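Chemist: Below is a structure I'd like to ask you about.
The values are calculated or read from the model by the stated rules, or taken from the named source; none is laboratory data. Predicted model only: the values in this text are computed from it and were never measured. Here Cβ is always computed from backbone atoms with ideal geometry, including for glycine, and neighbour counts include all displayed protein chains. Please note that ligands, DNA and RNA were not included when accessible areas were found on the heavy atoms of the full protein model with its side chains. Shrake-Rupley method; radii C 1.70, N 1.55, O 1.52, S 1.80 Å.
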Amino acid sequence: METYLLSAWSSFLDQADSFFLPCPFKALTGIDCPGCGFQRSFFALLKGDLQESFHLYPPTIPLLITFVVALSARYLTGRNNDKLVKTLYLITGTIIIGSYLFKIFVPHQH
């Protein structure tokens with residue numbers, strides 16, 4: 001049973017690029033948006049390739065951590081954790097903007 005599930009999961013991940021949504025901003029302007037690369041990075045992370053995930057889109061892990069902490073702070077703890085969540089938003093937003101500026105101004109190959 002486990003072998004079948006692992007095989008199905010592996011097959012899904014190998015064909016996942018056919019399910020990716022195109023970026024409307026990039027389609028209209030020809031310029032990457034601040035979120036371009038997240039889908040590929042997320043699937044690289046699901047495959048266990050942390051280095052490739054970071055290379056494709058550095059903010060993926062901070063975004064996922066922020067998402068999990070914000071949801072758990074809101075729905076699971078029942079306590080008011082506004083400062084923690086706002087701090088995570090600020091840190092993650094800074095990483096996204098820094099990554100985007102690096103992508104735009106530093107020459108690199110896709």
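Chemist: Where the second residue is open to solvent by 30 Å² or more (accessible area, probe 1.4 Å) and acidic (Asp, Glu) and the first is assigned to a helix (DSSP H, G or I) and lies in region 59-78, which pairs have Cβ atoms under 9 Å and are six or more apart or on separate chains?
Modeler: Cβ pairs passing all conditions: 73/82.
Results for (1) surrounded by fewer than 15 Cβ atoms within 10 Å (Cβ to Cβ); (2) within 15 Å of the chain's Cα centre (by Cα); (3) within 20 Å of residue 26 (Cα to Cα); (4) of a type in the set (D, E, K, R), shown as yes or no for each residue.
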site: 44; (1), (2), (3), (4): no, yes, no, no
site: 55; (1), (2), (3), (4): yes, yes, yes, no
site: 59; (1), (2), (3), (4): no, yes, yes, no
site: 71; (1), (2), (3), (4): yes, no, no, no
site: 81; (1), (2), (3), (4): no, no, no, no
site: 91; (1), (2), (3), (4): yes, yes, no, no
site: 99; (1), (2), (3), (4): no, yes, yes, no
